[in-house]
Amino acid sequence: MPNVSFHDLSQLDAAGRAALMRRSETDLSSFMEKAAPIIEAVRTEGDAALVRFARDLDKAGLDAARLKVSPAEFDAAFDMVDEDVVAAIRFGIDNIRHFHEEQKPEAMWLKEMRPGAYAGDRFTPIRSVALYVPRGKGAFPSVTMMTAVPAVVAGVPELAIVTPPAPDGSVDAATLVAARLAGVETIYKCGGAQAVAAVAYGTETIRPALKIVGPGSPWVVAAKRLLAGIIDPGLPAGPSEAIILADDSVHGGLAGLDLLIEAEHGPDSSAYLVTHSRRVAEEALAALPEHWARMTEQRVVFSTAVLTGACGGIVLTASIEESYRFINDYAPEHLEILSTDPFAHLGHITEAAEILMGPHTPVSIGNFGLGPNAVLPTSRWARTCGPLSVTDFVKRSSIGYVTAAAYPEFARHARTLARYEGFSSHEHAVSDVRDRYLVR
């Protein structure tokens, strides 16, 4: 069996503990350096650069006329995808739509702050958003569902998906099915840093967008950072990461099973089993060969790389309280609480983007359509932001309205503070100068 990384937290010094916090995207300097010329090429050459990068980076033969998915390709996709897969996509979309409809804020609210003075918020959709759907290590119709559904619920008028092409120039058929069922009919065949640049600047084929959302490789994350002054990069969603918290009420084999879920995404993923039970840790280790034997060769390679590397494995803590501290310090993208009483632990977790509770709620169910969004902040950004939501596709405007009756009191206090801060125009705007112009 591969030598799975085993970390006894009580035996690690500060540097050793800090090393466990690292993700593959912690240092993006090399990716940013290499992404910069790709971005510049797309900015100056447009479609020609996208065609060249499709050939050189994706090994896909495309011309500019094929960069956009045609209606015929959408239609053909439904004949290429098994009925059970289509049914699973419909099931997931239905749950995701229902969840995000409940999450959608009121179009506007106003509250009377004082007699005759009103303040509130108005929410309006962002005019244009690009949805990034990765392809490099597999096909992800689930990401299409998670990004497209809340955008449609929010009412974004201009939506487009960007996703890398296959070598034959096609887009994954299930991704096309998910897009159409979710309500998005515009898909462009480009990925990586070049896709982020294309939707930031626009090309002859691709319309520029105001924002881009969706998970991606370090190349995508690097490009988003470089282009943050041109396009809103959305929440920081990079390579997958997960912590499985297991107490001594469960079998370690179950913990080992779920540890592999996010580890199989790719060698740049991060995945830890965190437990204070040595029995659970040992049972998980013992069960891994059996679990690997059921997986495809590629996913075994990916998950083995993670669990034997610097960003994965088993973390044995001295107590459940130490497990909580480690998790809150790590701030994982996905957290699964394996316990017969998961709610006993929930109140102790403050830093996790997604928390899935109990033995019957593995990350798989969260990823494929329980309802809450599975596009989540990575690399410890769960400390300051949460999952993708309807609110990521709308913008908020503050609304204020003061009546003639309420105005004098507000004006008096505003004059006082304006004078104190030294803003004479602020002061004059609520003085007797204004009174001469007001209609009585």
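Could you grab me the full set of residues in region 146-158 that are over 18 Å from Gly191 (Cβ atoms), part of a helix (DSSP H, G or I) and of a type in the set (A, V, I, L, M, F, W, C)?
Here is the first cut: in region 146-158, the ones over 18 Å from Gly191 (Cβ atoms) are 149-158.
Now drop any that are not part of a helix (DSSP H, G or I), which leaves 149-154.
Result: Val149, Ala151, Val152, Val153, Ala154.
Mind checking whether some residue in region 384-395 is modelled with pLDDT of 95 or more, surrounded by fewer than 18 Cβ atoms within 10 Å (Cβ to Cβ) and more than 30 Å from Ile261 (Cβ to Cβ)? Yes, that holds for at least one residue.
Of all residues in region 302-325, exactly one satisfies the criterion of being open to solvent by 20 Å² or more (accessible area, probe 1.4 Å), under 25 Å from Pro239 (Cβ atoms) and over 25 Å from the mean Cα position of the chain (by Cα), namely Thr308. Annotation: Trp292 fulfils all but one of (1) closer than 24 Å to Leu346 by Cα; (2) more than 26 Å from the chain's Cα centre (by Cα); the unmet one is (1).
Of all the listed residues (Ser170, Ser128), the sole one being of a type in the set (S, T, N, Q), surrounded by fewer than 24 Cβ atoms within 10 Å (Cβ to Cβ), in contact with a strand residue (DSSP E or B) (Cβ under 9 Å, 6 or more places away or on another chain) and more than 21 Å from Asp392 (Cα to Cα) is Ser170.
The set of residues from region 29-50 being crowded, with 20+ Cβ neighbours inside 10 Å and either in contact with an Asp or Glu (Cβ under 6 Å, 6 or more places away or on another chain) or at pLDDT below 95 (or both) comprises just one member, Phe31.
Scanning region 219-248 for residues that are out of contact with any strand residue (DSSP E or B) (no Cβ under 6 Å at 6 or more places or on another chain) and either under 30 Å from Leu338 (Cα atoms) or hydroxyl-bearing (Ser, Thr, Tyr) (or both) turns up Leu235, Pro236, Ala237, Gly238, Pro239, Ser240, Asp247, Asp248. Residues in region 236-260 that are surrounded by 22 or more Cβ atoms within 10 Å (Cβ to Cβ) and under 22 Å from Val375 (Cα atoms): Ala237, Gly238, Pro239, Ser240, Glu241, Ala242, Ile243, Ile244, Leu245, Asp258, Leu259, Leu260. Of the residues making up region 314-343, those that are small (Gly, Ala, Ser) and in contact with a helix residue (DSSP H, G or I) (Cβ under 9 Å, 6 or more places away or on another chain) are Ala318, Ser323, Ala331, Ser339.
Figure legend. Inter-residue proximity from region 1-28: first residues part of a helix (DSSP H, G or I), second residues among the basic types (Lys, Arg) and open to solvent by 50 Å² or more (accessible area, probe 1.4 Å), beta-carbon distance below 9 Å, spacing 6+ or different chains. Indicated pairs: Leu9/Arg17. Taken as a whole, the condition of being touching a helix residue (DSSP H, G or I) at 6+ places or on another chain (Cβ under 7 Å) and either assigned to a helix (DSSP H, G or I) or open to solvent by 10 Å² or more (accessible area, probe 1.4 Å) (or both) applies to Thr350.
Consider Phe123 carefully, then state whether it is more than 23 Å from Leu210 (Cα to Cα) and at pLDDT 95 or above. When the stated conditions are applied, Phe123 does not pass them.
For Leu260, indicate whether it is at pLDDT 95 or above and of a type outside the set (Gly, Ala, Ser). Yes: the conditions hold for Leu260. Restricting region 272-281 to residues that are open to solvent by 20 Å² or more (accessible area, probe 1.4 Å) and in a helix (DSSP H, G or I) leaves a set whose member that is farthest from Arg22 (Cα to Cα) is Arg279. Scanning region 131-163 for residues that are more than 25 Å from His265 (Cβ to Cβ) and open to solvent by less than 10 Å² (accessible area, probe 1.4 Å) gives a single hit, Ala154. Filtering region 225-235 down to residues that are more than 13 Å from the chain's Cα centre (by Cα) and open to solvent by 10 Å² or more (accessible area, probe 1.4 Å), which residue is nearest to Val315 (Cα to Cα)? My answer is Arg225.
In the set (1) over 16 Å from the mean Cα position of the chain (by Cα); (2) in contact (Cβ under 8 Å) with a residue 60 or more places away in the chain; (3) open to solvent by less than 40 Å² (accessible area, probe 1.4 Å), the condition left unmet by Glu409 is number (3). The residue pairs whose first member lies in region 321-349 and is closer than 25 Å to Ala18 by Cβ, whose second member is open to solvent by 60 Å² or more (accessible area, probe 1.4 Å) and among the β-branched types (Val, Ile, Thr), and whose beta carbons are closer than 7 Å, counting only pairs six or more residues apart or on different chains, are Asn328/Thr350.
The values are calculated or read from the model by the stated rules, or taken from the named source; none is laboratory data. Just so it is clear, the model here is predicted, and its values are computed rather than measured. Quick reminder, even Gly has a Cβ in these numbers, built from the backbone with ideal geometry, and neighbours come from all protein chains shown. Note: accessible area is taken over every heavy atom of the protein model, side chains too, but ligands, DNA and RNA are not part of it. Shrake-Rupley method; radii C 1.70, N 1.55, O 1.52, S 1.80 Å.
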